[in-house]
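Working notes, beginning with the structure itself.
The values are calculated or read from the model by the stated rules, or taken from the named source; none is laboratory data. What you see is a predicted model, and the numbers here were worked out from it, not measured in a lab. A quick note on method: Cβ atoms are made from the backbone with ideal geometry, for glycine too, and the neighbour counts reach across all protein chains shown. Surface areas here come from the heavy atoms of the whole protein model, side chains and all, with no ligands, DNA or RNA. Shrake-Rupley method; radii C 1.70, N 1.55, O 1.52, S 1.80 Å.
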Amino acid sequence: MDYFRKVLGAPQDVQTNSGADTVERLCERVSSSTLLDDRRDAVRALKALSKKFRLEVGTQAMDILLNVLEHDRTDAEIIGYALDTFYHIMSNEPTDEDDVSNVYGHDLGGQFTEIFIKHAENVSLLLSFLEEYDFHVRWPTVKLLTVLLTNRQKELQEIILVVPMGVSRLMDLLSDSREIIRNDALLLLNQLTKGHANIQKIVAFENAFERIIDIIRDEGATDGGIVVEDCLLLLQNLLRNNASNQNFFKEGSYIQKLKPFFQIHDEPHSKQIGWSAQKVTNMHLLLQLVRTLVSPNNPQNQTVACQKVMNQCGLLQDLCSILMASGVPADVLTETINTVSEVIRGSQMNQEYFASVLAPSTPPRPAIVVLLMSMVNEKQPFVLRCAVLYCFQSFLYKNEVGQSQIIQTLLPTAADANSITAGQLLCGGLFSADPLSNWFASVALLHAIVENPTQKEQLLRVQLATSLGSPPVSLLQQCCNMLSQGGKLQTRIGLLMILCGWLSDCPIAVSHFLNNTANVPYLISQVSSSEGDEHEAIVQGLCAFLLGICMLYNDDTSEAFSKTALKQIMQNRIGLESFTDKLSQVAQNESYTRAAKKPHLYHKHPSEIVFDYEFTRLFKSLENEVLKAVSGSGSNINGRKSGPSTEQQYKNLLKEQEDQVLLLRQRIEELQSHAISADKSIVELQRQVQQLKDQNALLKAQKGSLSPASSISSDEVDSLKREVESLRLQLHNSHIFSNTVSDENKENDPDGASVLNVTIARLQSELAHKDEEVLSLRSELDRVNEVLKQKTSEQTAASSSVSNAEVELKLQQTEEKLKLITDERNHLQERLTKSNEENLKLANTIRKLEDEKVDAVNEKENLKEEMDTLKKEQDDLLVLLADQDVKIDKYKTKLKELGQEVEDDDDDDDELGEDNEEDLDAD
């Protein structure tokens with residue numbers, strides 16, 4: 001407190017003064033002191049008080065500190081104190097001394113932030129301090145901007161976006177050699193880029209990807225510290241839901257630069273030491289970064305392109321190596337499986353590679369088999385089992401070859417007693433005592449046959465040996481037997497989903513299902529039941545859906561359960577209203593809604609697993625068709641099959657149109673960016689011209705106050721001023737002319753040329769048609785001449801004269817028609833010639849406009865060169881004036897040494913200087 005007594009001039013009992021009084025006296029000292037040292041000491045005292053008395057300092061000192069930032073910026077020390085004070089009063093982080101949050105709320109800093117940024121020039125002032133290299137100015141500025149963004153992110157983002165070179169100044173912080181500033185700049189950019197696509201694009205085009213990857217590499221990649229974590233978070237902000245930046249990342253070959261970060265060196269000591277918590281976090285973020293590039297939510301063409309690059313550069317191979325490596329933590333392994341899933345999803349080339357990956361076991365086993373072993377093993381972590389199922393689903397997605405390979409492992413001919421196959425593992429999980437394994441295996445089998453009628457029929461051939469000495473039972477019948485025996489909820493839901501997917505669009509499977517007379521009564525009893533909770537309602541709804549599918553794809557081969565018989569049974573035993581109610585409860589369930597959003601299984605607990613994403617798509621496509629079939633207004637099977645496919649065609653068409661619109665928007669944004677850059681350069685040139693004009697005016701004023709000896713350059717200064725004004729006017733006109741030429745090109749070139757081209761094409765088509773008619777008439781004329789010759793040789797003279805008359809009449813008519821067509825052809829030829837001439841003239845006009853545009857650009861460059869020359873001449877003039885000032889000072893000194901009085905007036909000085917020069921000469 002002695003320090004405060006010194007600054008305030010307070011008595012010894014300053015500790016008894018209230019915080020508000022102390023702050024008030026300090027503010028008065030800052031405002032009234034004329035000495036910089038006094039103001040600096042007062043601001044330093046405010047900084048010390050700002051943690052404990054945030055409210056008092058914020059309410060009383062904000063305007064005063066802003067005034068300090070504006071007028072004392074030449075002193076780095078006082079600026080640093082002021083910035084630190086702002087940081088303390090706007091930061092909401094709790095401290096030992098700060099108890100204000102308990103009294104005034106938790107967002108006191110946010111309220112001060114709102115007051116501060118109400119005037120956008122305050123933010124511009126802070127951004128200007130980033131140009132200062134002094135550590136005591138730049139670092140507090142970075143911290144203060146970070147706090148402002150944390151408190152009022154959206155408002156500050158919009159302000160920084162419109163500040164000239166605002167984002168560029170922030171990006172320059174990444175090149176700062178002082179690590180603490182660079183690291184805090186990463187935190188600042190993380191806040192700046194959250195949820196703002198335009199800022200993300202600007203940051204990306206400021207070479208952010210290259211700089212961030214270099215920092216990650218320098219910091220040790222995944223073995224690095226929290227700086228690597230901040231870098232990866234920033235990369236995710238720039239790429240997530242931003243197709244433009246994702247494309248830029250791919251086109252810039254940055255995916256290839258990520259590859260070295262995934263190479264894990266399997267050293268013996270690393271297994272003993274294990275992975276540090278920071279390394280696990282870094283690897284998680286790195287894997288999530290890859291998933292951001294290949295997410296199913298991205299535009300399809302974007303995802304496919306990234307998947308292709310990841311295969312070609314070897315990134316997929318590195319991911320599979322991590323998948324099969326030993327000593328990898330379970331959570332990293334889980335995220336790696338999810339990443340591999342999305343890298344191979346829907347990509348035939350990547351799916352083929354994944355199918356060829358072998359685990360380093362004895363004997364070697366396919367990676368798919370090893371993963372399925374984990375999925376059906378109830379001792380494995382739940383999230384890991386979910387990740388394996390997602391990987392299996394992604395492997396089979398739009399992969400008919402992979403589906404066939406999986407089904408083949410279930411058939412008797414493919415059985416191999418010496419090896420474990422995927423089919424054996426799925427059957428083992430399907431009939432396991434673990435309900436979760438039943439659900440996983442059911443969904444996996446569903447994906448092996450989805451949208452593949454061939455494999456549905458192949459699956460009917462699968463036979464199972466239930467017990468020793470008993471005849472084998474088909475897989476379909478065994479599923480029905482398990483369903484009728486009851487069991488856990490997840491077991492029944494899994495079996496119902498696989499049965500619905502199996503029987504849909506497969507009349508043969510429906511026939512096999514109906515041949516067992518116990519199946520339909522069981523389904524009827526479930527749907528007609530009125531007991532049960534929410535979970536039982538799901539089972540009843542799925543049973544109703546399965547009954548509807550049996551009606552929808554019934555080919556009437558089963559006499560007991562033909563389409564008519566099933567409809568009669570359902571109406572009598574269940575009722576149409578009750579059936580509709582049970583069916584609608586499926587889509588109304590919250591679990592169904594959650595599963596229908598994304599293919600990935602985002603479940604944290606086994607009890608959350610109910611529906612599969614692909615099943616929700618099947619249910620949505622067939623729900624209305626089932627209701628129509630049961631109510632009697634349904635169409636035939638072929639019509640039903642065409643419905644979903646037509647809907648899918650519309651969806652694909654809409655998807656293509658959305659992609660095209662997205663590409664066009666990206667192109668427009670690029671053109672707008674170029675236009676903004678060009679406007680900025682022109683504004684900068686105009687500003688330079690204005691500066692030269694102001695400098696010339698200043699030089700002229702200084703010139704007028706100097707001796708007559710310097711009046712030689714007066715006309716030169718005036719001339720320079722006129723030239724600068726002329727250059728500025730020419731530059732402005734050049735800019736307007738350039739825009740005008742560009743607009744004329746847009747108006748004349750595309751529209752005019754396209755209209756002429758269409759006209760020419762139409763005229764050429766008409767001309768070709770007339771030529772064909774002329775050729776046809778000429779061939780007819782030749783045929784008539786041949787007939788005339790034959791008649792002349794065979795008939796008598798009398799009959800020949802009659803025939804000749806008829807032929808001559810027909811010949812005359814033909815010649816008249818030929819003449820008419822020939823005239824019309826000539827007319828069209830003339831029109832075509834005129835159109836070609838007009839097109840030629842338009843092309844010459846366009847070429848002239850382009851040449852004039854080029855000349856305008858060249859003239860602009862020449863003006864810039866002339867302006868540079870003019871600036872150099874001004875510098876020379878400044879040197880000349882400075883030399884003249886030195887001479888005048890020497891003359892004044894000599895006059896004083898000779899005892900002459902020297903007045904302050906410049907003109908008198910000049911006259912005295914001349915007189916004394918004469919005296920000196922006389923001496």
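Data table
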read-out: Qualifying residue in segment 59-68 (condition: farther than 25 Å from H119 by Cβ, open to solvent by 50 Å² or more (accessible area, probe 1.4 Å) and part of a helix (DSSP H, G or I)); value: no
read-out: Residue within segment 304-312 that is assigned to a helix (DSSP H, G or I), farther than 20 Å from E342 by Cα and either in contact with an Asp or Glu (Cβ under 7 Å, 6 or more places away or on another chain) or modelled with pLDDT under 95 (or both) present; value: no
read-out: Residues of segment 223-252 classified as in a loop (DSSP other than H, G, I, E, B) and over 13 Å from R291 (Cα atoms), total; value: 4
read-out: Given (1) in contact with a helix residue (DSSP H, G or I) (Cβ under 8 Å, 6 or more places away or on another chain); (2) at negative phi; (3) in contact (Cβ under 8 Å) with a residue 12 or more places away in the chain, number of the condition G327 does not satisfy; value: (2)
read-out: Counted residues, segment 466-496 - those being in contact with a strand residue (DSSP E or B) (Cβ under 8 Å, 6 or more places away or on another chain) and in a loop (DSSP other than H, G, I, E, B); value: 2
read-out: Evaluation of S484 against (1) among the small types (G, A, S); (2) closer than 28 Å to S621 by Cα; (3) crowded, with 23+ Cβ neighbours inside 10 Å (one fails), failing number; value: (3)
read-out: Any chance V539 is over 29 Å from E608 (Cβ atoms), outside any loop (DSSP other than H, G, I, E, B) and either more than 40 Å from the chain's Cα centre (by Cα) or in contact (Cβ under 8 Å) with a residue 12 or more places away in the chain (or both); value: no
read-out: Qualifying residue in segment 433-446 (condition: β-branched (V, I, T), at pLDDT 90 or above and closer than 21 Å to F513 by Cα); value: yes
read-out: Subset tally (residues that are among the polar types (S, T, N, Q) and surrounded by 19 or more Cβ atoms within 10 Å (Cβ to Cβ)) for segment 192-239; value: 4
read-out: Near pairs, Cβ below 9 angstrom, 6+ apart or cross-chain, from segment 571-591 (on the phi > 0 side of the Ramachandran plot) to any residue that is part of a helix (DSSP H, G or I) and buried (at least 16 other Cβ atoms within 10 Å of the Cβ); value: G575/S528
read-out: Test for M165: is it at positive phi and without any contact (Cβ under 8 Å) to a residue 60 or more places away in the chain; value: yes
read-out: Meets criteria (within 18 Å of C231 (Cα to Cα), modelled with pLDDT of 90 or more and either out of contact with any Leu (no Cβ under 8 Å at 6 or more places or on another chain) or aliphatic (A, V, I, L, M) (or both)) for N183; value: yes
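Residues are listed down the side, and each one gets a yes or a no for (1) open to solvent by less than 20 Å² (accessible area, probe 1.4 Å); (2) of a type in the set (K, R); (3) within 16 Å of A544 (Cβ to Cβ):
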| residue | (1), (2), (3) |
| --- | --- |
| E590 | no, no, no |
| E608 | no, no, no |
| F611 | yes, no, yes |
| K628 | no, yes, yes |
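Condition check ((1) of a type in the set (G, A, S); (2) touching a His at 6+ places or on another chain (Cβ under 7 Å); (3) open to solvent by 30 Å² or more (accessible area, probe 1.4 Å)) across all residues:
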site	(1), (2), (3)
Y522	no, no, yes
V527	no, no, no
C543	no, no, no
G548	yes, no, no
A560	yes, no, yes
K563	no, no, yes
M570	no, no, no
